[in-house]
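Report on the following structure.
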Amino acid sequence: MDIINDETVINEYRNMLKDKKRIVVKIGSSSLTHKNTGGINLYKLERLVRILSDIHNQGKDVILVSSGAIAVGKKKTGLQEKNLSIAEKQACAAVGQSLLMTMYQKLFSEYNQTTAQILLTKFTMLNDLSRYNARNTFEELLKIGVIPVVNENDTVATHEIAVGDNDCLSAIVAAITGADLLILLSDIDGLFTDDPNRNPNARFIPLVEKLKDEFIRMGKETSGSGLGTGGMSAKLSAAKIATESGAAMVIANGEDLSVIERIMSGENIGTLFVAHKSESFDIINYLSD
């Protein structure tokens, strides 16, 4: 596999990110919670809100896709020490979603930002009318300066809980809103030729100009934490949706949330997937998989 390491080429693509106007940021549970307790890391949550508010103040549209509802619910109900059934996860999501949104609303309001909660499922997006209405809702919210906070509707969905589709959900959101940049924050630094936790010889891939089948085959259903369920396979599926809809995508480690600002300033961090808008792009083809 040929890995692009030419700094001139990489910097050229990276500099393009400075001019992106509509940004979707997805953050996983592992990036929002304390590893030892499963409780929300309030310092990181506050910093995330501050960074997104500053990006919004630059005149850019911002959409946040946030995991964490189940993790918050598990902590609140005292179920974090056991393996949960689907029904228990849904119950935790019902408890945790309102608590998580309350925290977001309070923190965003401190920076004079208005937020809105949007709960989606993959199957809602399969319906033409629902998808049309969702797109219109996003457009109107962004038009009036609101920052939408999106999550899977885990209280009614079971497929999403089982496979952890918040990565793909964020790509779907990017596609239906016409975003030009998707940032996936997780517990990994980006794309490697193999799982770096298992193979010390795995090479980091800073740039993917074209998402070929060989990259898709590298995807493995692994995740570094017990909270998130979306492994590299889900992230590569998200990259395919995002790039073919016309959005560049970056996978980066969310341990230090300043990574968002560094990506937006054109710094070479994480793995950048270059947008290749397909004239025949139809989100239904991806939702039906």
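The values are calculated or read from the model by the stated rules, or taken from the named source; none is laboratory data. Small disclaimer: the values here were computed from a predicted structure and weren't measured. Neighbour counts run over all protein chains shown; Cβ positions are idealised from the backbone, glycine included. Remember, those area values only see protein heavy atoms, side chains included, never the ligands or the DNA or RNA. Shrake-Rupley method; radii C 1.70, N 1.55, O 1.52, S 1.80 Å.
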Fill in: Unique residue being in a helix (DSSP H, G or I) and either at pLDDT below 85 or exposed (fewer than 14 other Cβ atoms within 10 Å of the Cβ) (or both) when the list is L129, L107
L129
Worksheet item: For the stretch 193-232, what are the residues that are buried (at least 18 other Cβ atoms within 10 Å of the Cβ) and at pLDDT 80 or above?
Response: I205, P206, L207, V208, L211, M232
Worksheet item: Which members of the stretch 178-188 meet the condition of being farther than 15 Å from I269 by Cα and open to solvent by 10 Å² or more (accessible area, probe 1.4 Å)?
Response: G178, D180
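Identify, from the list L48, L42, the residue that is within 30 Å of K75 (Cα to Cα), of a type in the set (A, V, I, L, M) and either open to solvent by less than 10 Å² (accessible area, probe 1.4 Å) or in contact with a His (Cβ under 9 Å, 6 or more places away or on another chain) (or both). Working first, answer last.
Values: L42 fails: either open to solvent by less than 10 Å² (accessible area, probe 1.4 Å) or in contact with a His (Cβ under 9 Å, 6 or more places away or on another chain) (or both).
Being within 30 Å of K75 (Cα to Cα), of a type in the set (A, V, I, L, M) and either open to solvent by less than 10 Å² (accessible area, probe 1.4 Å) or in contact with a His (Cβ under 9 Å, 6 or more places away or on another chain) (or both) holds for just one of L48, L42, which is L48.
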Practice prompt. Among residues belonging to the stretch 18-27 that are touching a residue at least 24 places away in the same chain (Cβ under 8 Å) and either in a helix (DSSP H, G or I) or farther than 23 Å from E152 by Cα (or both), point out the one that is least open to solvent (accessible area, probe 1.4 Å).
Written response: K20
Worksheet item: So, of the residues in the stretch 28-38 that are in a loop (DSSP other than H, G, I, E, B) and under 14 Å from A69 (Cβ atoms), which turns out to be modelled with the lowest pLDDT?
Response: G38
